[in-house]
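What follows is a single structure, written as structure tokens, with notes after it.
Nothing in this text is a laboratory measurement; each read-out follows from the coordinates by a stated rule. Predicted, not measured: the structure shown is a model, and the values here were computed from it. Glycine gets a Cβ as well: all are built from the backbone with ideal geometry, and neighbour counts include every protein chain shown.
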Amino acid sequence: MKLGSLKHEELLKEKTLWAIYKRSLSIKDSIFNWSCGILVFILFFAYCWVEPETKNIHNLLLKLAELGFNFAVSILGFLIAGFTIFASLAKPALLLTMLKHPHKSSGMSYLKYNFFTLVRVFIYFLVFAALQIGIIAMGQPEGLIYALIKRLSDLESILYFGNRFMLILSATFWVFVLMQLKSFVFNVHHIVMTMIKFDAVSHNARVRDGEQI
């Protein structure tokens, strides 16, 4: 495929992070990642079922939120570094080669497939950090949520189910982003190895053609 025949407008088709995320949904996540998330969901659902004290649920929710927000903010720096490695070290020849070859299961080029798998992890961590800071800011006993639900008559039921729902959501999301981080590390490793292999293949091709290195 000649470079001139490529649809270059496809490179800039996605104008927002939301557009990138929607497109990245065609990239399937691993069964292991989903299995871990489902397992944690079941475990915390069982815990919320047997724990009678809403106060204990609420305290655990706030602790997880504080840890989660600090974790997400610190890891985002690591993610930026990993993405920078790929963006800065990748040679234009490699990127153009990836652009020419479609990824069968996702229906996009290998270039977008690799970039979107990395950017999607950024999006997950941004959403995770926003969720945790929201819980911290509004889930305090004097926070906005408590101020609003105190005006309702069925206060105890709302607190009972609300705290349990948010704990299960937060804990499951915790494990989900950890699994995404695991995949991110592997993807960066795989991309770097691809760069090295591409250089090795190019080098061997030049040697066969009699070019002096």
Options [x] 63, 45, 38; [y] 82, 29, 28; [z] 55, 42, 25 for Cα extents along the principal axes in Å; the value derived from the coordinates is listed as [y]
Under the 7 Å Cα-to-Cβ spin-label approximation, Lys91 and Leu126 lie apart by a distance in nanometres of 3.3
Subtracting the Cα-Cα distance of Leu39 and Val207 from 0.36 nm times their residue separation yields 55.2 nm
Karplus-derived 3J(HN,Hα) from phi for the stretch 176-185 (6.51 cos²θ - 1.76 cosθ + 1.60, θ = phi - 60°), whole Hz, x at Gly and Pro, runs 4, 5, 5, 5, 5, 5, 4, 5, 4, 4
Where a ≥ b ≥ c are root eigenvalues of the Cα gyration tensor, a/c under 1.5 meaning rounded, otherwise prolate if a/b exceeds b/c and oblate otherwise, the stretch 40-83 counts as oblate
Note to self: C-alpha centroids of the stretch 19-91 and the stretch 171-213 sit apart, in Å, by 24
GNM of the chain, Cα pairs under 10 angstrom: of His101, His189, His203, the biggest fluctuation goes to His203
The answer for Ser109, listing residues at least 5 apart or on another chain whose modeled amide H is closer than 5 Å to its amide H, is His103
Per-residue Cβ contact counts at 10 Å, fewest first, order Met166, Met195 as Met195, Met166
Once phi for every residue in the stretch 88-98 is put through the Karplus expression 6.51 cos²θ - 1.76 cosθ + 1.60 (θ = phi - 60°), the whole-Hz ³J(HN,Hα) values, with Gly and Pro written as x, are 8, 8, 5, 7, x, 4, 5, 4, 5, 5, 5
Assertion target for Asp209, Asp199, ordered by fewest C-beta neighbours within 10 angstrom first, is Asp209, Asp199
With DSSP loop assignment and no more than 16 other C-beta atoms within 10 Å, the trypsin sites (Lys or Arg not before Pro) in the stretch 1-109 are Lys2, Lys7, Lys13, Lys15, Lys28, Lys104
Subtracting the Cα-Cα distance of Glu10 and Phe161 from 0.36 nm times their residue separation yields 49.8 nm
Per-residue Cβ contact counts at 10 Å, fewest first, order Ser170, Ser26 as Ser26, Ser170
